[in-house]
Amino acid sequence: FPCEASFASANFTDSLASVGVTTCPVSWTVGAKAASFPGQDSYFQGATPLDTWVGYVVVIGFGALFSIFTTIVVYLDKTFAGNASMTSEHFNTAGRMVKTGLTASVIVSQWTWAATLLQSSNVAWQYGVSGPFWYASGATIQVLLFGVLAISLKDIAPSAHTMCEIVRARWGKAA
């Protein structure tokens, strides 16, 4: 079997042979480093696929490009749409025009990210059909508590944007 004995154990080579693998990849057997530290060689044999300057050009170039594009769009919006009086508060809060449905969809989309989807699949594999239901039920309590808290905060401080403004509305200027 072509894999070096110092690198691969007999069980490993037997298991490879049992699934039809007859030769080891070059990266497994090249040099003493590969034999003593498997997995430490890069796919590109220690050479980077692109030069470092290309990475800087991509990062800085795209950053500058998107900054210029955003600046032009904001300028055109102010010039032609008549939104020259827009303040940072209006911009950051979307003019207070975000409805409950959009807010709920944002909360759910931020809650349901890749790790949650993978874990719910693991729970389904381990516990069956009811696993993902109970997994989601445990996390739903936090979302519901956040909704109740948000409603009560809107009653206390309807125009607050930050936590400091909420504290000031609740406990006064001394807090």
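The values are calculated or read from the model by the stated rules, or taken from the named source; none is laboratory data. Quantities reported herein were computed from a predicted structural model and do not represent experimental measurements. Cβ: placed from backbone, ideal geometry, glycine included. Neighbour counts: every protein chain shown. Accessible surface is based on the protein model in full, side chains and every heavy atom, while ligands, DNA and RNA are left aside. Shrake-Rupley method; radii C 1.70, N 1.55, O 1.52, S 1.80 Å.
Taking (1) open to solvent by less than 100 Å² (accessible area, probe 1.4 Å); (2) at pLDDT 85 or above in turn, ALA34 satisfies each apart from (2). The conditions of being surrounded by 10 or more Cβ atoms within 10 Å (Cβ to Cβ) and under 30 Å from VAL74 (Cα atoms) are met by ILE107.
Residue by residue through the range 80-104, note down the ones that are among the β-branched types (Val, Ile, Thr), assigned to a helix (DSSP H, G or I) and open to solvent by less than 70 Å² (accessible area, probe 1.4 Å). Once the filter is applied, which keeps residues that are among the β-branched types (Val, Ile, Thr), assigned to a helix (DSSP H, G or I) and open to solvent by less than 70 Å² (accessible area, probe 1.4 Å), the range 80-104 yields only THR103.
Does the range 41-52 contain at least one residue that is assigned to a helix (DSSP H, G or I), modelled with pLDDT of 85 or more and β-branched (Val, Ile, Thr)? Within the range 41-52 (the criterion being assigned to a helix (DSSP H, G or I), modelled with pLDDT of 85 or more and β-branched (Val, Ile, Thr)), the answer is yes, since at least one residue qualifies. Taken over the range 129-142, the criterion of being exposed (fewer than 12 other Cβ atoms within 10 Å of the Cβ) and assigned to a helix (DSSP H, G or I) is satisfied by SER130, TRP134, SER137, GLY138, ILE141, GLN142.
So if I check each of THR103, THR93, THR116, THR140, which one is more than 22 Å from the chain's Cα centre (by Cα), of a type in the set (S, T, N, Q) and at pLDDT below 85? Matching residue, one of THR103, THR93, THR116, THR140: THR93. In this structure, SER159 does not qualify as in a helix (DSSP H, G or I) and among the hydroxyl-bearing types (Ser, Thr, Tyr). Note on the range 143-164: residues that are open to solvent by less than 90 Å² (accessible area, probe 1.4 Å), under 15 Å from THR93 (Cα atoms) and of a type outside the set (Gly, Ala, Ser) amount to 3.
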